[in-house]
Structures are given as structure tokens and as C-alpha cells.
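Heads up, the thing below is written out as C-alpha cells.
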Amino acid sequence: FYKKYARLSLPWRRKNITPYEVWVSEIMLQQTQVSRVIKYYKKFLQKFPDIFSLAKCSWKEFVPHYRGLGYYRRGENMLKTARIIVKTFQGIFPMDKKALQSLPGVGEYTAAAILSFAYNKDIIAFDTNAQRVYGRFFYGSRFAHVSLKRLEKSLALNKKKLNAAIMDF
């Protein structure tokens, strides 16, 4: 599926993407359609090209570049997280899942996505949508319980490509 239908033209699918760029895309893509996020993502990165520029901006400076995506708590968490990354981690996103999950607005899926897409870690990005895909594929039902630990042990594939393929599907 991925070889045939991969959406490699998406701006967050480029090679050598930074953890910051992955994080921005993942936060913006939460409960929002890909087609809507593309223009926001590009404009946002023009205004805030790195974590340092985002960390030093005010809410008033931030909002015009986020307005329209909804769920403004996500935006508030972006600013909080940017400031924590700069202050605590010297501007570098941690390579540890638990450390990432300690950041405001970063859950299990977003942490795994950052590790997989930016750091090429062999980890499955697993959320409700992915669980439904795996449930349908392996058990014939989107409601089937799928064990993440079992998937990680049994799927001997490139997890970065697998994660992208599941999201594209």
C-alpha cells in the first residue's frame, strides 16, 4: 500500500525532518484534516522556523498563525512545551519516550511519532485510529483489542514507513 499510495509530497514527510517540525505537524494534525493543516504548517514554520523562535513569542504573536485550527488548548500547550524544551533540554527534543510524554500536550502517540519520524527509532506510533486499522487487518473488526507490545514484537518492518502507511491508509 505504502509503495503505491504514499503521500510523500506532504511537507512533514521530507527527509531529514527535525523533531520540532514533526512535533508541529503532529500537534496540528490532531483532530484536523490533512488538507487544512498543510497551509497552516507551512506558514507556521515560516514565522517560527525553530523551537527557539516559538519559545520566545507571546500568545498574541502566536494566535494569528494558529487561528482556524481550533482547540486552542493545543496552541497553549505548544507554547508551554516550546519553553520547556528550550529551558530544560537546551532546544533539543528528548530521545526518550517518557521525557517526551512529560511535555504538555504530548501523549503516547505524539511521542512515538517524534521518535519514529525524526529520530528513526524502531517504534510504532499507536493511537485509536491505528488500533482500528490493525484490528480490522488482524482480527476483522475495528473494535478488536490490539496489543501494542505484541505488534512491536511481531511486525518486523521499518516502523517509520509502517507508521506513515497506517496514517495514509
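Going by the structure shown, is TYR72 open to solvent by less than 20 Å² (accessible area, probe 1.4 Å), at pLDDT below 95 and over 16 Å from TYR119 (Cβ atoms)? Spell out how you get there, then give the answer.
Numbers: open to solvent by less than 20 Å² (accessible area, probe 1.4 Å): no; at pLDDT below 95: yes; over 16 Å from TYR119 (Cβ atoms): yes.
So TYR72 fails the test.
Can you name the helices (runs of 4 or more DSSP H) wholly within region 33-86 that have at least 2 residues being in contact (Cβ under 8 Å) with a residue 12 or more places away in the chain and within 20 Å of THR18 (Cβ to Cβ)?
Working: elements: 34-47, 51-55, 59-62.
It comes to 34-47, 51-55.
Across region 3-32, what is the total count of residues that are within 22 Å of GLY105 (Cα to Cα), in a helix (DSSP H, G or I) and either aromatic (Phe, Trp, Tyr) or open to solvent by 60 Å² or more (accessible area, probe 1.4 Å) (or both)?
Adding up the residues that qualify gives 3.
Only one residue in PHE117, PHE126, PHE137 is touching a helix residue (DSSP H, G or I) at 6+ places or on another chain (Cβ under 6 Å), among the aromatic types (Phe, Trp, Tyr) and either open to solvent by less than 10 Å² (accessible area, probe 1.4 Å) or not in a loop (DSSP other than H, G, I, E, B) (or both), so which one is that?
Working: PHE126 fails: either open to solvent by less than 10 Å² (accessible area, probe 1.4 Å) or not in a loop (DSSP other than H, G, I, E, B) (or both); PHE137 fails: touching a helix residue (DSSP H, G or I) at 6+ places or on another chain (Cβ under 6 Å).
That would be PHE117, the only listed residue that is touching a helix residue (DSSP H, G or I) at 6+ places or on another chain (Cβ under 6 Å), among the aromatic types (Phe, Trp, Tyr) and either open to solvent by less than 10 Å² (accessible area, probe 1.4 Å) or not in a loop (DSSP other than H, G, I, E, B) (or both).
Residue check: is VAL106 open to solvent by 40 Å² or more (accessible area, probe 1.4 Å) and either in a helix (DSSP H, G or I) or modelled with pLDDT of 95 or more (or both)?
Details: open to solvent by 40 Å² or more (accessible area, probe 1.4 Å): no; either in a helix (DSSP H, G or I) or modelled with pLDDT of 95 or more (or both): yes.
It is false that VAL106 is open to solvent by 40 Å² or more (accessible area, probe 1.4 Å) and either in a helix (DSSP H, G or I) or modelled with pLDDT of 95 or more (or both).
Across region 33-60, what is the number of residues that are aliphatic (A, V, I, L, M), over 17 Å from VAL106 (Cβ atoms) and either crowded, with 16+ Cβ neighbours inside 10 Å or touching a Phe, Trp or Tyr at 6+ places or on another chain (Cβ under 6 Å) (or both)? Steps first, answer last, please.
Filtering region 33-60 for residues aliphatic (A, V, I, L, M) gives 34, 37-38, 45, 51, 54-55.
Now drop any that are not over 17 Å from VAL106 (Cβ atoms), which leaves 34, 37-38, 45.
Those left that are additionally either crowded, with 16+ Cβ neighbours inside 10 Å or touching a Phe, Trp or Tyr at 6+ places or on another chain (Cβ under 6 Å) (or both): 37-38, 45.
Matching residues across region 33-60 total 3.
Please determine whether any residue of region 142-161 is open to solvent by 90 Å² or more (accessible area, probe 1.4 Å), among the aromatic types (Phe, Trp, Tyr) and more than 14 Å from the chain's Cα centre (by Cα).
Within region 142-161, one or more residues are open to solvent by 90 Å² or more (accessible area, probe 1.4 Å), among the aromatic types (Phe, Trp, Tyr) and more than 14 Å from the chain's Cα centre (by Cα).
Can you pull out every residue in region 104-123 that is farther than 22 Å from ARG14 by Cβ and without any contact (Cβ under 8 Å) to a residue 24 or more places away in the chain?
Those that are farther than 22 Å from ARG14 by Cβ and without any contact (Cβ under 8 Å) to a residue 24 or more places away in the chain: GLY107, GLU108.
Of everything in region 127-145, what is of a type outside the set (S, T, N, Q) and under 22 Å from ILE114 (Cα atoms)? Give them in sequence order. Quick ask: steps written out before the conclusion?
So in region 127-145, the residues of a type outside the set (S, T, N, Q) come out as 127, 130, 132-140, 142-145.
Answer for region 127-145, where residues must be of a type outside the set (S, T, N, Q) and under 22 Å from ILE114 (Cα atoms): ASP127, ALA130, ARG132, VAL133, TYR134.
Could you please let me know if ALA111 is modelled with pLDDT of 90 or more, in a loop (DSSP other than H, G, I, E, B) and not aromatic (Phe, Trp, Tyr)? Talk me through it step by step, then tell me what you get.
Numbers: modelled with pLDDT of 90 or more: yes; in a loop (DSSP other than H, G, I, E, B): no; not aromatic (Phe, Trp, Tyr): yes.
Criteria not met by ALA111.
The values are calculated or read from the model by the stated rules, or taken from the named source; none is laboratory data. These numbers come from a predicted model, not from an experiment. FYI the Cβ positions are ideal-geometry reconstructions off the backbone, even for glycines, and counts take in every protein chain you see. For accessibility, only protein heavy atoms count, side chains too; no ligands or nucleic acids. Shrake-Rupley method; radii C 1.70, N 1.55, O 1.52, S 1.80 Å.
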